[in-house]
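Encoded as structure tokens, the structure appears first; notes follow it.
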Amino acid sequence: MIVLENVSKSFNGRWAVKGLNLLINKGEVFGLLGPNAAGKTTTIKMMAGLLGLAEGRILINGYDIVSEPLKAKSILGYVPDKAFLYEKLTSREFLIFISSLHGVEKFQAFKRIDKLLDTFGIKEIEEELIESYSQGMRQRLLFLSALIHNPLVLLIDEPFVGLDPFGVKMLKAMMRRLSSEGVTIFLATHSLHIAEELCDRVGLISKGSLIDLKNKEEIVIEGGLEGLFLKIPL
Amino acid sequence: MKITLLLLSPKIKSIKNSINLHTLMRRLPFILIGIVFYLVFYIGSHKILSFIRSMEFIGEILSKKLLSMTFFSLGIFLLLSNIITALSSFYMSKDIPFLMSKPIEIKEILRLKTIETILTSSWMVISFMPPFFIAYGINYDAPIFFYIFLTLTFIPFILISGGIGILTAHLLTRIFPVRKIRLALLTIGLLLFLFIYLFVKSQLPVDLESPERFNHSFFATKIDLPLMPNFWMTEIATASLKKQMPDVLYLLLLLSNSLFMLMLSDRVGQKLYINNIERIQPSTRDASRGRRYRSFYPSRNLAVLWKDTKIFFRDTSQWSQVFIIGALIFIYVYNFRTIPLKLLSEFTPFIKEIMVLINMVMAGLVLSAVSARFLYSSLSLEGMAFWIIKTSPLTVKKLIWSKFFYGFIPVTVIMLAIVFITNMIIGADTLLMFFALVTVVMLCISISGLGVGMGAMYPRFRYENIASVSMSPTGMLFMLIAFSVVLLTLSIEAWSFYFYKKAGTSGLSLNLSEKTQLTLAGIVIIVLNILTIYIPMKKGEKRLSGDISI
């Protein structure tokens, strides 16, 4: 479960996010939608502990990301929009590193790494340095690394950047499965069809403030997300 | 050229936009340190020059020789710097794919990269050297045209090194397997450096026990060959220093050679660039050599150290300064064999103690430089992948300590080896050796902490070349502070040791006041070193716990 209470953040005196309140339930897939520079990435970075909060608080399964960052981060999986990775490691080494950081026990870690490398189609290139990977393979590896420690909450910024249709299909299925297993998924995106297809609820954000909140049924009644999105004041 | 200027405009505008009152105020301490450095460098150069010129008969010749050696060293430095920068700028820069995708002719990209390379690799010489040349001008009471000529001739001097450097970078990229370029280059650089050193050394068949022979050998040094740009520069500068009109031939030689080298590098670039760019596209590289260690799994506390060590051995770009530092250490240790201890012992009975002290100061200088590379840059090395650690359940404190050990272990091993070997050469007794080694370990701990702490306080995750991190203004500030701590620690120690030895040789035991003073000195040393590690580590931890722009 994720709770955002009156969350605000400013840069150089300008509010990037202002008074954001959200409650996302266990196993829910929530999409935060908005135009460019609406505050989506800032919100997700605050939730991941990359940025501090000017006001308010964020709880990840009851753990405050500011006062209990280690507990919150140990159950978080984060997939950023840009795939900056350690270029001189192989994917296997990278995953060992991530597992170790999360304190996953050795035997469990190796078992999960083997399984996930296979599922994500990276097994064949696991001994190659990441620097030689295509954008799509990097994105797959990013997803994989976010799942290595069995997170209870998954934060994803622009989920399908650079992925081919096979990758997109595989990840959609993966997200649905994770959600059915009780993993809370928070997506920040401006891709309407992905949000419509995957999300149980969608929040519309503009200029750092939440302007609308709709569930699946309401979106269908209102004729899809496009109409709602285009009404967002720029 | 119009297109080249257009391509340059974003960089010029970026610099312009980054200069404002707020930035200037933030950088005020660095500006002040820079001014102090200028003053110290100027005063030092002036004093040395006055001393040299006051020598009967040989003063003027020595002064010219010093000028010639300076131009020679600058030329070599510029050349190596240009080759390394050209490789990064022409072939590894992040804007290349963008530029290649635009309807721009290759020659325009080459021109842009040439300007970038020459400016990037020469700024340090341009900004560091004025106090030295001003000291010359003032010492000789030179006319204004000395400064004008020097400024004007410096431009072609820099362009010649730039042209040769860029040309070499194109050829190296063509000849060597792509992933081995830097390694090949660094090996060449190191060999070149050692060759120059041994060449100069061979010109100096020095028996340092005899000052006359030293002088004779010094004059015989043949680095000022008439075909070299440093010779032309020396001739121009010397003539204008003495209020004479420089020989036009040297001016023409500088100008024509700079144009020729630039044109040649441009022509070769146009011929090779596209092919070279294709050769450096990422290719698959199997790292399966590590397969037999597949079962290794680091603990959480060791994870970062394990990752950093693996990356270090694979990323040759991290080795550039290590090679140069390695060469400097080799020369430093090698030179100890030539110290005329016997001759010097006639001047003072404490010659061994003084030599150990000088050795420690020199080792401190090496420690500051090595720490800048291994420790100050270690956090910035995370680069844009820092989000991985920042979003993991690893405390910043553990991260910083992991970086501390990543640098501290090799730095301490290197420093202990240097001090031990050089002290053995000096013939230091057991007590001196013990003090020296304990001091080295203590300084390694504090300077390592200072390096990691300051690196965390001023992280630079967006860099083109990791060498630029330790060469940044804050990197320089780290080196200055580190060396100051070394000097302060050694000064107090030297005073205490002298105090203790003097009492020992006079046969009197220390009284209560003297014992108190020695104890206080010890406390001051310990407190100084504890603060050196504690304050930056704490501040760095606080900085990295806050917002990070990645």
message: So for the range B:539-550 (the condition being surrounded by fewer than 14 Cβ atoms within 10 Å (Cβ to Cβ), part of a helix (DSSP H, G or I) and within 14 Å of another protein chain (Cβ to nearest Cβ)), does at least one residue qualify?
response: yes
message: Step by step: first the residues of the range B:35-84, then only those that are hydroxyl-bearing (Ser, Thr, Tyr) and under 22 Å from B:Leu119 (Cα atoms), then the one that is surrounded by the fewest Cβ atoms within 10 Å (Cβ to Cβ). Which residue is that?
response: B:Ser73
- prompt: Looking at (1) in contact with a helix residue (DSSP H, G or I) (Cβ under 8 Å, 6 or more places away or on another chain); (2) without any contact (Cβ under 8 Å) to a residue 40 or more places away in the chain; (3) among the β-branched types (Val, Ile, Thr), which is the one condition that is false for B:Thr489?
  reply: (2)
task: Test B:Leu531 against the criterion of being more than 14 Å from chain A (Cβ to nearest Cβ), free of Cβ contacts under 8 Å to residues at least 60 places away in the same chain, within 27 Å of the chain's Cα centre (by Cα) and in a helix (DSSP H, G or I), and give yes or no.
output: yes
- prompt: Across the range A:113-131, what is the total count of residues that are outside any helix (DSSP H, G or I), crowded, with 19+ Cβ neighbours inside 10 Å and in contact (Cβ under 8 Å) with a residue 40 or more places away in the chain?
  reply: 2
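For the range B:403-431, which positions are under 25 Å from the mean Cα position of the chain (by Cα) and among the β-branched types (Val, Ile, Thr)? Give the steps one after another, and end with the answer.
Our first condition is that a residue be under 25 Å from the mean Cα position of the chain (by Cα); within the range B:403-431, this holds for B:403-423.
B:Ile409, B:Val411, B:Thr412, B:Val413, B:Ile414, B:Ile418, B:Val419, B:Ile421, B:Thr422, listed by residue number.
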message: Could you go through the range A:132-140 and let me know if any residue there is outside any loop (DSSP other than H, G, I, E, B), closer than 18 Å to A:Leu198 by Cβ and not assigned by TED's automatic domain parsing to the domain that holds A:Leu32.
response: yes
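Check every one of the helices (runs of 4 or more DSSP H) wholly within the range B:378-488 and list those with 3 or more residues that are out of contact with any Ser or Thr (no Cβ under 9 Å at 6 or more places or on another chain), more than 14 Å from chain A (Cβ to nearest Cβ) and modelled with pLDDT under 90.
Numbers: elements: B:386-390, B:396-426, B:430-457, B:467-470.
Ranges flagged: B:396-426, B:430-457.
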message: When the residues of the range A:132-183 are narrowed to those that are among the hydroxyl-bearing types (Ser, Thr, Tyr) and in contact with a strand residue (DSSP E or B) (Cβ under 9 Å, 6 or more places away or on another chain), which ends up surrounded by the fewest Cβ atoms within 10 Å (Cβ to Cβ)?
response: A:Ser179
query: Filter the range A:43-58 for residues that are farther than 18 Å from A:Gly203 by Cα and facing chain B (nearest Cβ under 9 Å); which is surrounded by the fewest Cβ atoms within 10 Å (Cβ to Cβ)?
result: A:Gly52
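Residues are listed down the side, and each one gets a yes or a no for (1) modelled with pLDDT of 90 or more; (2) farther than 21 Å from B:Lys390 by Cβ:
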position	(1), (2)
A:His102	yes, no
A:Leu117	yes, yes
A:Ile122	yes, yes
A:Glu127	no, yes
A:Leu147	yes, no
A:Pro159	no, no
A:Lys172	yes, yes
A:Ser180	yes, yes
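Residues are listed down the side, and each one gets a yes or a no for (1) in contact with a helix residue (DSSP H, G or I) (Cβ under 6 Å, 6 or more places away or on another chain); (2) closer than 22 Å to A:Glu196 by Cα; (3) surrounded by fewer than 23 Cβ atoms within 10 Å (Cβ to Cβ); (4) within 14 Å of another protein chain (Cβ to nearest Cβ):
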{"residue": "A:Arg14", "(1), (2), (3), (4)": "no, no, yes, no"}
{"residue": "A:Val17", "(1), (2), (3), (4)": "yes, no, no, yes"}
{"residue": "A:Asn21", "(1), (2), (3), (4)": "no, yes, yes, no"}
{"residue": "A:Ile24", "(1), (2), (3), (4)": "no, yes, yes, no"}
{"residue": "A:Gly27", "(1), (2), (3), (4)": "yes, yes, yes, no"}
{"residue": "A:Leu32", "(1), (2), (3), (4)": "yes, yes, no, no"}
{"residue": "A:Ala72", "(1), (2), (3), (4)": "no, no, no, yes"}
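Determine whether B:Ser101 is without any contact (Cβ under 8 Å) to a residue 24 or more places away in the chain, in the same structural domain as B:Ala237 (by TED's automatic domain parsing) and polar (S, T, N, Q).
When the stated conditions are applied, B:Ser101 passes them.
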task: Restricting attention to helices (runs of 4 or more DSSP H) lying wholly within the range A:1-103, give those where 2 or more residues are more than 30 Å from B:Trp306 (Cβ to Cβ).
output: A:40-48
Selection from the range B:361-388 of residues that are farther than 20 Å from B:Val441 by Cβ and aliphatic (A, V, I, L, M): B:Leu379, B:Leu381, B:Met384, B:Ala385, B:Ile388
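The values are calculated or read from the model by the stated rules, or taken from the named source; none is laboratory data. This is a predicted model, so every value here is computed, not measured. Glycine also receives a Cβ, built like all others from the backbone with ideal geometry; neighbour counts cover every protein chain displayed.
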